[in-house]
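Report on the following structure.
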Amino acid sequence: MTQQPLAYLFPEFLESAEARPIRILAEYLEPLRRFKEQRIQDTVVFFGSARVDSRERATRALRMLRSRGVEIADEHYQGELTRSRKAVEWARYYEEARELARLLTSWSRTLPGENHRFVVTSGGGPGIMEAANRGAREAGGKTIGLNIRLPYEQGANPYITDGLHFEFHYFFMRKFWFAYLAKALVVFPGGFGTLDEMFELLTLMQTEKLGEKIQIILYGSEYWDPILNLEPMAEWGAIAPDDCRLIKRADSPEVAFKLLKDHLSEHHLQKAPPKKTPQLARTRS
């Protein structure tokens, strides 16, 4: 008689529809175990486009494109040239996210206590996510990457701290971990995914479903001002006027860092000494 494997060691069962609740629970318990092992108390989350590249790579790509010469300056080439020039301009946000993450991590490493505070966290991929993890790593701190497993993208960037690279299958479990430990959120220029993450946190803040006070900083007025204006929503009565003040804005790493430091110091450093295990946020009753 063929020996039957134990249910929790049976791949066919674990990958079945019936075992979906187990897989979901695993994406809660396994990260929780690692956060406790690494003494991660709380985080600051960086969101933004995966399509932003570093200034070095964007400049190199533009230089290589220009080296092809004007003899093949057809319409397709001109389009490539326009996009490449825009990528160089766009690269400022990569460098500024990197610098902000470095400033924040350098400061957080001076804080007393056994736990790691305000750890820079990203979605783990390229672009702004890479920049945030890179800046934190350059400052000598731990940094988290909550990557999502997709069929065609996105590979994790190389700057995530060993043991703090997470791979999620379920988007909602990844979102849970973005919100659960966060004490602040910095939103760099991005697309639908960036807006989705920001509005989800805004809704939790507006409805007082978070146990901790979170600050959202919208970075880059040149990009966001034409895209995101909440005032008409307040004028129509869809949101309260005070809801517009849930977001602060910044246009330099120094200003953003001051906003973060002031918020974190006022709301999250004036409490009793934390426990040895991470002090996870709790939903308000």
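The values are calculated or read from the model by the stated rules, or taken from the named source; none is laboratory data. Please read these numbers as outputs of a predicted model, since none were measured by experiment. Positions of Cβ are backbone-derived with ideal geometry, glycine not excepted, and every protein chain shown enters the neighbour counts. SASA here: full protein model, heavy atoms, side chains in, ligands and nucleic acids out. Shrake-Rupley method; radii C 1.70, N 1.55, O 1.52, S 1.80 Å.
Per the conditions (1) part of a strand (DSSP E or B); (2) open to solvent by less than 10 Å² (accessible area, probe 1.4 Å), the sole criterion not satisfied by MET198 is (1). Applying a threshold of 8 Å to beta carbon distances and a minimum spacing of six or more residues, or different chains, the list of pairs starting in the stretch 204-226 at a residue that is farther than 16 Å from LYS175 by Cβ and open to solvent by less than 20 Å² (accessible area, probe 1.4 Å) and ending at one that is acidic (Asp, Glu) and at pLDDT 90 or above reads TYR219/GLU96; TYR219/ASP251; GLY220/ASP251.
Residues checked against (1) surrounded by fewer than 16 Cβ atoms within 10 Å (Cβ to Cβ); (2) of a type in the set (S, T, N, Q):
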| position | (1), (2) |
| --- | --- |
| PRO11 | yes, no |
| ALA17 | yes, no |
| PRO21 | yes, no |
| GLU27 | no, no |
| PRO31 | no, no |
| ARG39 | no, no |
| PHE46 | no, no |
| SER49 | no, yes |
| VAL52 | no, no |
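Looking at GLN154, GLN78, just one residue is modelled with pLDDT under 95, open to solvent by 20 Å² or more (accessible area, probe 1.4 Å) and over 15 Å from the mean Cα position of the chain (by Cα), and that residue is GLN78. Of all residues in the stretch 227-242, exactly one satisfies the criterion of being open to solvent by less than 30 Å² (accessible area, probe 1.4 Å) and either part of a helix (DSSP H, G or I) or of a type in the set (Gly, Ala, Ser) (or both), namely ALA234. Here the stretch 71-112 is the region considered, the condition is being of a type in the set (A, V, I, L, M) and without any contact (Cβ under 8 Å) to a residue 60 or more places away in the chain, and the residue that is farthest from ALA250 (Cα to Cα) is ILE72. Of all the criteria given as (1) crowded, with 23+ Cβ neighbours inside 10 Å; (2) under 14 Å from the mean Cα position of the chain (by Cα), the one not satisfied by HIS116 is (2). If you filter the stretch 82-113 down to residues that are open to solvent by 10 Å² or more (accessible area, probe 1.4 Å) and among the small types (Gly, Ala, Ser), you find that the one that is farthest from ASP162 (Cα to Cα) is SER84.
Whether any residue in the stretch 58-75 is at negative phi and modelled with pLDDT of 85 or more is what I want to check. The answer is no, given that none of the residues of the stretch 58-75 is at negative phi and modelled with pLDDT of 85 or more. I'd like the residue in the stretch 159-186 that is touching a residue at least 24 places away in the same chain (Cβ under 8 Å) and assigned to a loop (DSSP other than H, G, I, E, B) and, out of all such residues, is most open to solvent (accessible area, probe 1.4 Å). Restricting to residues being touching a residue at least 24 places away in the same chain (Cβ under 8 Å) and assigned to a loop (DSSP other than H, G, I, E, B), the top hit is HIS169.
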